[in-house]
Amino acid sequence: MTMSKSPAEIFGYSFPDIRETQLLIVGGGPAGLSAALQALKLGLKVTLVESGLELGGQLVKQTHKFFGSSLERAGTRGFRIAQELIKELTPFKGSGQLEVYLSTTAIAVYPERIVLLSQLSGKVFPIKPKAMIIATGAQERMLPFPNNDLPGIYGAGGIQTLMNQYGVKPGKRALIVGAGNIGLIVAYQLLQAGVEVIAILEAMDRIGGWWVHAAKVRRYGVPILLKHTISRAIGKEKVEGAVIAEITPDGLKDKYQVECDLIGISVGLTPTVDLLRQANVKMKYVAFMGGFVPLRDREMRTSQSWIWVAGDSAGIEEASTAMIEGQIASTSVAKWLGYISEEEAKREIDQLWARLGYLREAEVSSKVRKGLEEVLVTWGG
Amino acid sequence: MWLEEHPILDFSSKRPKLVKFYFEGKEMWGYEGLPIAASLHANGIKVYRYSTRLNRPRGFFCAIGKCSSCFMVVDGVPNVRTCITPLREGMRIERQRGLGKIDLNLIQGEAGSDDNV
Ligand SMILES: Cc1cc2nc3c(=O)[nH]c(=O)nc-3n(C[C@H](O)[C@H](O)[C@H](O)COP(=O)(O)OP(=O)(O)OC[C@H]3O[C@@H](n4cnc5c(N)ncnc54)[C@H](O)[C@@H]3O)c2cc1C
Ligand code: FES
């Protein structure tokens, strides 16, 4: 893939007054927020852009207490972690060291180190950072089945946004497809919001998520059907029901027809890497990390020397590790821009890696560890 | 339907003001500042547009401005991502059929940093 054309080539003119900043952070989830905090503490001037209406990324939708270590705020409910991080950023806002743009999406990266920002109002403007950290998180996978486009069939994340962020009851009777952690947690959150959950379907012969989350929904009497999937949705203007099929060696066997006005699809996430691709960053397909992910060195730096990555956009993992990766990236940027010495940066990054190691010790992280072996590189020069 | 009671979450701070808006000419109420799609959903409206080729109903899907499923015509402007566009008093919201036509005169705005931090 080739690098995008320059704005001058595309628009026939160069942008008039291009805003400059030291560090541009794209994405205001746990990775982006932690990266911002670290960079600010080290003295950098930071511009943070977030396409959503509020900061926090996935965190603002999570009502459960997080796993991980207490250093990464485990035991705290997801949305509170977001509130805490945002509060820590506040003092830097007044000082002019931090600039935050909400409802603003980074839509293009140009070779001259120019990034195009698009605001909800329709305004598009360029910004020129010295360094950029991409922390754009992940997006949900979809499942192919007849009628999967009917209104009422949402990604698990969509359901969470509607329900936990905006307080809308997403339906009356739900069917969940996918018994990984996210499917299980969303099922539980639906129950908390007073929505009936008919069943959770899982194509594999075992539950993918953690037993604690499975136990919570089982306690409510929600069946988790292993080796089952949805074979089609029923409805005309919106979803009215679904056909559940058993997965057998001879293919799908329809077994039940159920009535429901909500179907939640939770079959995995894939890293959001559009900007990295545009920037011509070297990528690799690593199934263990959710799809195409950028090669990076130990400091989270990509093959483009001014671009770093952190969080789910570097490979699907957890908020806890996303926060550490954000700090590592900012420490590396600070070193590059001369805000801290080589030794200081090394000490800090070694410590952060020790915490990553601790978090990744668990058996559930074995995939991540394998994935990392494929993408962790040392850049020459 | 809006969630009023929740074992963990308190939505009151996110619902500063109930405002009137119009969906296909019909008067409805929603919360100012929350996405248009949220208020429509709470009012039982789940079909936001009809697809370009097969005319299939489309609702909201990703909820974070990434999939284009929720495009509607808002105050005459088509292709508005209603899942991330805040509701304002008096907005006129229409289901979109097909691609929609853009009147460039209607699109304008100023860059500005927000103060929500
Ligand atoms: C149901 C569920 C339960 C979870 N439970 C846990 C748990 O118990 N413990 C744990 O550690 N983790 C948990 N996680 C995982 C955790 O939420 C994610 O790993 C974490 O949020 C990743 O952080 P991030 O900052 O990389 O991405 P995100 O949180 O996804 O944030 C990315 C942000 O970038 C913004 N963005 C994207 N593209 C652009 C662009 N072009 N321009 C501007 N902004 C952009 C997005 O709007 C978003 O706000 C859970 C996740 C889910 C869905
Ligand atoms: S629902 Fe995906 S863009 Fe709005």
### Query
Checking B:Lys66 against (1) within 8 Å of chain A (Cβ to nearest Cβ); (2) touching a residue at least 12 places away in the same chain (Cβ under 8 Å), which test does it fail?
(2)
### Task
Considering every residue within the range A:256-268, establish whether at least one is crowded, with 22+ Cβ neighbours inside 10 Å, touching a residue at least 12 places away in the same chain (Cβ under 8 Å) and closer than 26 Å to A:Arg113 by Cα.
no
### Message
Among the residues that make up the range B:34-47, is at least one of them open to solvent by 30 Å² or more (accessible area, probe 1.4 Å) and not in a loop (DSSP other than H, G, I, E, B)?
### Response
no
### Query
Restricted to the range B:51-66, and to residues that are out of contact with any Asp or Glu (no Cβ under 8 Å at 6 or more places or on another chain) and open to solvent by less than 20 Å² (accessible area, probe 1.4 Å), which residue is nearest to ligand 1 (Cβ to nearest atom)?
B:Gly65
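Given the criterion surrounded by 21 or more Cβ atoms within 10 Å (Cβ to Cβ) and closer than 25 Å to A:Ile340 by Cβ, identify the matching residue among A:Thr47, A:Thr90. Outline the logic, then answer.
Details: A:Thr90 fails: surrounded by 21 or more Cβ atoms within 10 Å (Cβ to Cβ).
Only one candidate passes the filter, namely A:Thr47.
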### Query
If you check A:Leu225 against the conditions, is it of a type in the set (A, V, I, L, M, F, W, C) and assigned to a helix (DSSP H, G or I)?
no
### Query
Can you pull out the residues in the range A:199-232 that are under 20 Å from A:Leu150 (Cα atoms) and open to solvent by less than 40 Å² (accessible area, probe 1.4 Å)?
A:Ala199, A:Ile200, A:Leu201, A:Thr229, A:Ile230, A:Ser231
### Summary
Taking first residues from the range B:1-19 that are more than 9 Å from chain A (Cβ to nearest Cβ) and second residues anywhere that are open to solvent by 90 Å² or more (accessible area, probe 1.4 Å), the pairs with Cβ under 6 Å that are 6 or more apart or on different chains are B:Leu18/B:Trp29; B:Val19/B:Glu89
### Query
Do you know which residues across the range A:233-255 are within 16 Å of ligand 2 (Cβ to nearest atom) and crowded, with 20+ Cβ neighbours inside 10 Å?
A:Val239
### Task
Name every residue in the range B:2-33 that is touching a Lys or Arg at 6+ places or on another chain (Cβ under 7 Å), in a loop (DSSP other than H, G, I, E, B) and modelled with pLDDT of 90 or more, in order of residue number.
B:Glu24, B:Glu32
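The values are calculated or read from the model by the stated rules, or taken from the named source; none is laboratory data. In this text the structure is predicted, and so the values were computed from the model without any measurement. Every residue, glycine among them, receives a Cβ derived from its backbone with ideal geometry; neighbour counts consider all protein chains shown. Accessible surface is based on the protein model in full, side chains and every heavy atom, while ligands, DNA and RNA are left aside. Shrake-Rupley method; radii C 1.70, N 1.55, O 1.52, S 1.80 Å.
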